[in-house]
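Colleague: One structure, as structure tokens, below. Some questions next.
The values are calculated or read from the model by the stated rules, or taken from the named source; none is laboratory data. For clarity, every value in this text was computed on a predicted model and none was experimentally measured. Positions of Cβ are generated from backbone atoms using ideal geometry, with glycine treated the same way; all protein chains shown enter the neighbour counts.
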Amino acid sequence: MTQNKQEQKHIVVIGAGAAGLMAAAAAAGQGCRVTVMEKNEKAGKKIYITGKGRCNLTNTCDTEEFFQYVVSNPKFLYSSIYSFDSSAVIDYFESRGCRIKVERGKRAFPVSDHASDVTRTLTDHLREMGVRILYNTEVSGIVTESLPGDPAAEEAGPAKKKKRPVRQTARVTGVLRKDGRTVPCDRVILCTGGCSYPATGSTGQGYEMAAAAGHSLIKPAPSLVPLTVKEEWPIRLQGLSLKNVEVTVFPLETEREEDGHTAGKSAGKSRGKKKSRPVHQEFGEMLFTHFGITGPIILTASCYMDFDRYPGGFRVLLDLKPAIPLQELQERLEREFAAAPGKKLSNALRSLFPARLAQEVALLSGLGEDCPVQTIGKNAIGELAVLIKRIPMTATGTRGFREAIITRGGVRTAEIDPSTMESKIVKGLYMAGEVLDLDARTGGFNLQIAWSTGRLAGLSAAE
């Protein structure tokens with residue numbers, strides 16, 4: 001039975017992205033009056049560019065496996081993911097006319113290959129349920145009042161330092177629009193996203209609103225983002241794509257250089273230095289660019305590279321032939337060099353690599369691209385094989401939020417109830433999606449987080 005309109009709970013959703021639209025749908029489905037406030041001129045602006053415009057909206061891996069692909073705080077997501085997993089997401093869209101297909105890597109896309117169909121499905125659903133979406137409407141703050149008996153209200157003044165509250169000390173009463181108007185409401189769901197792709201409206205304003213409401217933040221940083229490198233040779237290879245290669249990433253400040261190319265030179269320096277463990281290893285495709293490196297395995301590696309913690313950067317070791325063991329690779333080089341003694345090194349390496357890469361490998365070896373292979377001894381061939389398996393690059397930073405697919409960091413999950421997505425500090429304030437300290441690898445996992453946390457926040461706010 002539908003509630004009388006005056007008795008309906010009024011829920012304001014801030015942000016019409018993936019999490020916000022799903023939260024609004026869930027809350028409206030429970031009979032609440034829902035208003036979505038979106039600063040942009042349309043909904044789902046970031047959805048339109050995901051998956052290169054095709055929208056990789058989820059990943060159909062087993063739910064237990066899903067959490068392996070979540071980089072930050074996977075346990076926080078148990079309630080939301082298990083209650084609305086990838087199969088439920090696909091059912092939601094297909095039941096509303098948006099057919100879904102599954103491609104390589106269990107990545108799900110709309111059959112039309114148009115991200116706009118995903119957004120349209122959501123906005124059509126909201127329209128059918130009477131949800132009001134206010135476009136070009138920016139929210140500047142969340143209005144709260146202290147709860148009765150709130151110790152914080154008895155503080156002598158704002159200068160007095162307060163301990164982090166362990167219970168809710170305030171409650172939502174409304175939101176403040178940028179035009180100065182206060183909109184009263186019973187619940188607020190904050191779904192403003194992170195800082196990545198700021199042209200889509202993700203400027204980090206949600207972090208400011210959360211902080212003003214009493215929440216603390218893990219410093220936001222770009223993730224799933226291309227990397228800049230110190231060396232010049234990757235720049236010379238710009239445009240070259242490599243398949244079936246592997247990268248291993250080490251923090252540079254504590255790394256003991258062990259690649260065969262530099263081991264002899266650095267042995268004295270690294271003696272006594274603690275050997276670091278790799279922060280990540282990934283197999284697949286990559287691309288050289290005018291600034292450094294990108295591509296699937298590089299974007300994924302960036303999730304594990306904290307440049308604030310390691311300002312000196314990271315050593316990225318590139319294995320050009322991960323399927324061939326070192327000894328077998330050395331023996332292959334020996335056979336090929338013996339079979340064509342008159343060849344120059346760069347030409348001989350073309351049986352293994354594209355011409356430009358063969359030239360750079362020859363130069364990196366120190367032998368020179370014009371070195372006749374019959375003059376290369378067994379030890380030198382062994383060192384060349386080691387180089388091919390461990391070519392070093394120095395990642396100095398990222399391309400920033402403008403090119404980052406997602407944001408790492410955000411509102412501390414310890415301050416949010418994972419079973420409801422409600423703030424533990426402000427009663428009636430819920431959060432979902434990228435505004436929280438949640439991030440995952442590429443492949444549809446981040447959008448699944450948005451759908452699941454958004455839906456749980458909407459249902460919980462409506463209770």
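Colleague: All but one of (1) at pLDDT 95 or above; (2) part of a loop (DSSP other than H, G, I, E, B) hold for GLU246; state the number of the condition that does not hold.
Modeller: So GLU246 meets the others, but not (2).
Colleague: Considering every residue within the range 233-240, establish whether at least one is surrounded by 20 or more Cβ atoms within 10 Å (Cβ to Cβ), at negative phi, more than 19 Å from the chain's Cα centre (by Cα) and not in a strand (DSSP E or B).
Modeller: Yes, that holds for at least one residue.
Colleague: Then there is this: Quick one: would you say ALA395 is buried (at least 21 other Cβ atoms within 10 Å of the Cβ), closer than 25 Å to PRO220 by Cβ, at pLDDT 95 or above and in the same structural domain as GLU328 (by TED's automatic domain parsing)?
Modeller: yes
Colleague: Among the candidates ALA462, ALA414, single out the residue that is free of Cβ contacts under 8 Å to residues at least 12 places away in the same chain and surrounded by fewer than 24 Cβ atoms within 10 Å (Cβ to Cβ).
Modeller: Only one candidate passes the filter, namely ALA414.
Colleague: Restricting attention to the range 40-86, and to residues there that are in contact (Cβ under 8 Å) with a residue 40 or more places away in the chain and aromatic (Phe, Trp, Tyr), which single residue is surrounded by the fewest Cβ atoms within 10 Å (Cβ to Cβ)?
Modeller: Here the answer is TYR78.
Colleague: Quick check on my filter: what residues within the range 169-204 are free of Cβ contacts under 8 Å to residues at least 24 places away in the same chain and among the polar types (S, T, N, Q)?
Modeller: Selection gives THR203 alone.
Colleague: Collect the residues in the range 403-445 that are over 17 Å from SER223 (Cα atoms) and among the aliphatic types (A, V, I, L, M), keeping them in residue-number order.
Modeller: Passing the criteria: ALA414, ILE416, MET421, ILE425, VAL426, LEU429, MET431, ALA432.
Colleague: Can you tell me which residue is modelled with the lowest pLDDT among those in the range 133-152 that are among the charged types (D, E, K, R) and more than 30 Å from the chain's Cα centre (by Cα)?
Modeller: The extreme case among them is ASP150.
Colleague: Return a yes/no flag: does the range 419-433 have any residue that is touching a residue at least 40 places away in the same chain (Cβ under 8 Å), closer than 11 Å to SER72 by Cβ and either surrounded by fewer than 24 Cβ atoms within 10 Å (Cβ to Cβ) or not assigned by TED's automatic domain parsing to the domain that holds MET305 (or both).
Modeller: So far as the range 419-433 goes, no, none of its residues is touching a residue at least 40 places away in the same chain (Cβ under 8 Å), closer than 11 Å to SER72 by Cβ and either surrounded by fewer than 24 Cβ atoms within 10 Å (Cβ to Cβ) or not assigned by TED's automatic domain parsing to the domain that holds MET305 (or both).
Colleague: Which condition breaks for GLU334 when tested against (1) at pLDDT below 95; (2) surrounded by 15 or more Cβ atoms within 10 Å (Cβ to Cβ)?
Modeller: (1)
Colleague: Follow-up question, since we're still on this one. Select from the range 310-349 the residues that are of a type in the set (D, E, K, R) and in contact with a Pro (Cβ under 8 Å, 6 or more places away or on another chain) and write down the one among them that is farthest from ARG441 (Cα to Cα).
Modeller: Here the residue is LYS343.
Colleague: Moving to a separate point now. Taking the condition of being under 19 Å from the mean Cα position of the chain (by Cα) and outside any loop (DSSP other than H, G, I, E, B), how many residues in the range 16-40 meet it?
Modeller: 3
Colleague: Taking ALA221 as the residue in question, decide whether it is part of a strand (DSSP E or B), surrounded by 14 or more Cβ atoms within 10 Å (Cβ to Cβ), in contact with a strand residue (DSSP E or B) (Cβ under 8 Å, 6 or more places away or on another chain) and of a type in the set (Gly, Ala, Ser).
Modeller: When the stated conditions are applied, ALA221 passes them.
Colleague: While we're here: The conditions are (1) surrounded by 20 or more Cβ atoms within 10 Å (Cβ to Cβ); (2) of a type outside the set (Val, Ile, Thr); (3) in contact with a Lys or Arg (Cβ under 8 Å, 6 or more places away or on another chain); (4) under 18 Å from GLU231 (Cα atoms), and LEU329 fails exactly one of them. Which is it?
Modeller: Evaluating LEU329 over (1) surrounded by 20 or more Cβ atoms within 10 Å (Cβ to Cβ); (2) of a type outside the set (Val, Ile, Thr); (3) in contact with a Lys or Arg (Cβ under 8 Å, 6 or more places away or on another chain); (4) under 18 Å from GLU231 (Cα atoms) leaves (4) as the failure.
Colleague: Something else about it: Quick check on GLY443: is it in the same structural domain as CYS195 (by TED's automatic domain parsing) and in a loop (DSSP other than H, G, I, E, B)?
Modeller: Judged against the criteria, GLY443 is a match.
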